[in-house]
Amino acid sequence: MRSTEPTIAPLRIRGNSSSARYGLGSIAAALALLFLPGSGAGQAISLITEGQLSAVFPGADRFAEKGGNPPVFQAFRVDEATGTETLVGYAFLTSDVPPESFGYTAPIRVLVGMSLEGVLTGASVIEYRESLRSSRGDFLSRPGILGQFAGKSITDPFRIRQDVQNITGASITVSAMTQGIRNAARRVAVAYLARPALAADATIPRMGTISVEALERLTWPEIENLGLARQIVAEGQGTNPPSISLAYLRDLEMAELLLGPTRFSGTLERAGARADSTHLMFLGLNGSDVALFRFERLSFVQGTDTIRVANSDFATAGILPDGRAQGEFRRAGLLLVDRALDVRRPFTIVLTPNETSGPFTAEYQAYDSPAAVASAPAGPADAPAAFPPREAAVVSASTAEATEPEASPATAEAGQSGSTGELAVAPPPATSTGSNALQFTDDEIAALLFDDEVVEESGFERTLAQTSWTRVSLLLVLLAVVVAAFVAKRPALRWGALAGTLVFLGFVDRGFLSVSHILAGISVGPDVYLTDLPLLILVSFTVVTTLFFGRVFCGFLCPFGALQDFLERVVPRRFQRELPRALHERAFYLKYGILALIVLPVVAGIPLNLFHYFEPFGTVFFWSPSLLLWAIAGGILVASAIVPRFYCRYACPLGAALAVVSVVSPFRIRRVEQCQLCKVCEQKCPTGAIRGHEIDFKECVRCNVCETQLIERAGVCRHEMDAIRPRLVQLSSAPSGGSR
């Protein structure tokens with residue numbers, strides 16, 4: 001029973017990834033404020049108000065300050081007659097429950113409410129910096145998108161297009177938001193709803209003395225809550241501060257338990273012989289730049305001694321597919337610490353994010369005292385399990401009273417003697433839990449927390465399950481027409497392919513490729529492609545054709561390129577112009593500069609998304625509500641009506657990326673001897689890639705125009721060279737002969 005003030009102060013959001021690197025944080029923030037629509041709120045410290053909490057948990061009368069691990073807001077219902085209150089559930093931010101799910105290029109932070117029965121009570125997007133929002137509007141606020149999560153159980157599959165409504169053209173964003181809600185809710189449920197509470201007088205062991213069986217029965221949040229591992233969050237380092245979690249490992253069995261059997265052997269092999277001569281510690285990282293984390297930022301202080309860490313001291317395990325720490329970190333592994341550190345005594349973990357901030361510290365103890373080292377369990381048989389089976393200690397929904405199994409002699413003895421290898425448990429008080437009816441077995445918890453689904457399935461199976469096969473079929477038909485047009489070199493087929501591209505990929509499906517897919521691959525990884533089968537097909541087709549034949553995508557599958565080609569057909573020739581050759585040959589380098597401007601900040605870990613300012617097709621095909629973006633798109637369309645394929649020539653960042661790849665293409669356009677004398681293809685090339693008989697292949701979009709000219713013999717190639725050469729000889733002798 002608790003009685004406090006009925007209102008709460010605004011509360012700060014704490015994220016889990018970093019936006020500051022090598023002293024560039026302030027620059028990134030300033031640039032983001034200048035260029036990112038709506039980014040001002042994203043860069044400032046976000047506040048959670050009572051109104052936002054009430055919106056996602058309408059049945060609660062009061063919310064406590066955020067706390068615990070993972071951090072939650074406790075939701076209470078107050079009895080007006082008696083003034084007593086009962087805990088009815090929790091509200092939490094998905095960004096506070098790692099790993100954070102990334103959308104198209106950035107995290108999507110959602111405030112979620114959940115009852116004690118594991119049923120969601122509501123969801124509200126607090127912050128997302130997706131650049132798609134600028135070109136497509138606030139699509140996550142559309143009716144029904146967030147409302148559909150209220151009433152869903154944490155045991156539901158949360159599958160796009162099955163039990164979760166999707167948004168056309170925003171599958172990646174909706175999928176990321178859905179996964180973030182699902183994973184965070186399940187982790188909160190496991191941490192707060194599926195476990196009987198520790199007894200008030202329970203003796204909590206240290207990492208150096210806990211038995212392996214005891215550790216095996218703990219989830220990662222419990223490992224941190226019990227102080228067996230320590231987390232340091234570099235608060236103030238951008239909106240997504242970097243964090244590390246560290247735990248001492250007494251032996252290799254403990255290391256395998258945390259890392260999981262899949263990654264343990266490879267990680268130990270990377271550690272090498274030093275694993276036998278150093279202290280082993282588990283280390284988990286969260287943050288947008290974890291792949292570039294500098295371990296020199298980490299050190300240990302004990303008395304007057306400082307033990308520093310180097311990059312070579314970390315053996316990476318990557319993202320863990322199993323083990324106690326599965327799914328908790330974006331990067332994990334073994335840290336090899338010099339034995340100058342005396343793990344028998346307390347020490348301080350120090351994190352210095354950069355030269356101008358920190359340090360951030362946390363105290364850690366692996367043993368209660370030097371004497372405890374002698375009593376540390378030597379192996380898995382030394383102590384019984386720390387907890388009884390979860391199904392044996394549950395709260396009755398009708399009486400709100402807990403029933404516990406009869407304590408074994410070993411457990412009873414441990415509770416009395418304070419044995420360091422075990423933990424005593426007690427049921428949570430009824431006044432704090434309300435009617436918690438959750439009853440999870442260990443296997444069910446593993447399915448919820450570690451297997452990602454109650455019914456285990458691979459990521460590819462999940463992708464197939466949420467795929468629209470109508471969409472896939474239409475895409476495959478379009479690709480078949482494109483291949484036929486490219487191979488046959490028939491103008492009618494090409495115009496048919498362009499019409500299909502403009503209508504289907506442009507206005508209907510809106511599944512066209514963008515440079516943002518490259519940014520998403522850098523920021524999020526390959527999962528961004530693997531979770532959307534039509535996107536995976538289109539990306540694979542584009543990569544393969546570009547590697548072998550050049551920019552086929554630009555000539556056939558870009559809806560904005562198709563729109564420019566149709567503009568060229570509609571606009572009268574008298575209005576069309578070409579830039580002077582000297583200016584053209586300098587101007588086409590502009591798109592490579594634009595590509596660098598867009599990609600380099602993402603590579604550097606700076607949250608600066610600019611691509612929507614340079615990709616007008618998002619504005620045109622999604623009918624952006626932004627007047628600025630429409631002004632940019634309108635200007636580019638006018639320029640493209642005057643200079644054929646103006647955007648492709650001088651401004652397209654995706655075209656620049658494909659141009660770089662096309663440099664290695666082995667199958668290029670055939671040239672013949674007549675090309676040295678002819679200007680027909682040079683005049684007809686829509687991108688100005690031909691000069692005389694030479695083709696600048698990286699600027700070529702494989703549109704078939706010059707190849708069709710050769711097939712139809714539309715220029716000098718209508719004549720055989722045997723008939724042309726005598727005339728060339730006569731022309732070359734004309735100056736001295738005085739006649740033509």
Which one of the conditions (1) in contact with a Gly (Cβ under 7 Å, 6 or more places away or on another chain); (2) modelled with pLDDT under 70; (3) more than 30 Å from A631 (Cα to Cα); (4) of a type in the set (A, V, I, L, M, F, W, C) does A194 fail to meet, given that it meets all the rest?
(1)
Residues (crowded, with 19+ Cβ neighbours inside 10 Å and at pLDDT 85 or above) located in the stretch 39-51:
I48
Exactly one of these conditions fails for T546: (1) open to solvent by 10 Å² or more (accessible area, probe 1.4 Å); (2) within 30 Å of A488 (Cβ to Cβ); (3) of a type in the set (S, T, N, Q). Give me its number.
(1)
Looking at the stretch 510-526, can you tell me whether even one residue there is at pLDDT below 95, in contact with a Pro (Cβ under 6 Å, 6 or more places away or on another chain) and under 30 Å from L292 (Cβ atoms)?
yes
Taking the stretch 564-602 and keeping only residues that are out of contact with any Ser or Thr (no Cβ under 8 Å at 6 or more places or on another chain), of a type in the set (A, V, I, L, M) and within 22 Å of V515 (Cβ to Cβ), one is left with A587, L590, I594, L595, A596, L597, I598, V599, L600
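For the stretch 310-345, which residues satisfy the criterion of being small (G, A, S), over 16 Å from G272 (Cβ atoms) and open to solvent by 40 Å² or more (accessible area, probe 1.4 Å)?
A340
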Among (1) buried (at least 16 other Cβ atoms within 10 Å of the Cβ); (2) over 16 Å from V350 (Cα atoms), the one test that I307 misses:
(2)
Looking only at the stretch 259-288, and only at residues there that are out of contact with any helix residue (DSSP H, G or I) (no Cβ under 8 Å at 6 or more places or on another chain) and hydrophobic (A, V, I, L, M, F, W, C), the one that is farthest from R206 (Cα to Cα)
A273
Name the one entry in L597, L583, L579 that is open to solvent by 50 Å² or more (accessible area, probe 1.4 Å), on the phi < 0 side of the Ramachandran plot, touching a residue at least 12 places away in the same chain (Cβ under 8 Å) and part of a helix (DSSP H, G or I).
L597
Extreme residue, farthest from the chain's Cα centre (by Cα), among residues of the stretch 549-574 that are open to solvent by 30 Å² or more (accessible area, probe 1.4 Å) and farther than 27 Å from W623 by Cβ
R574
Could you tell me whether L502 is assigned to a helix (DSSP H, G or I) and touching a Pro at 6+ places or on another chain (Cβ under 7 Å)?
yes
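The values are calculated or read from the model by the stated rules, or taken from the named source; none is laboratory data. This is a predicted model, so every value here is computed, not measured. Don't worry about glycine lacking a Cβ; one is built from the backbone with ideal geometry, like all the others, and counts go over all protein chains shown. Only protein heavy atoms, including side chains, enter the accessible area calculation; ligands, DNA and RNA are left aside. Shrake-Rupley method; radii C 1.70, N 1.55, O 1.52, S 1.80 Å.
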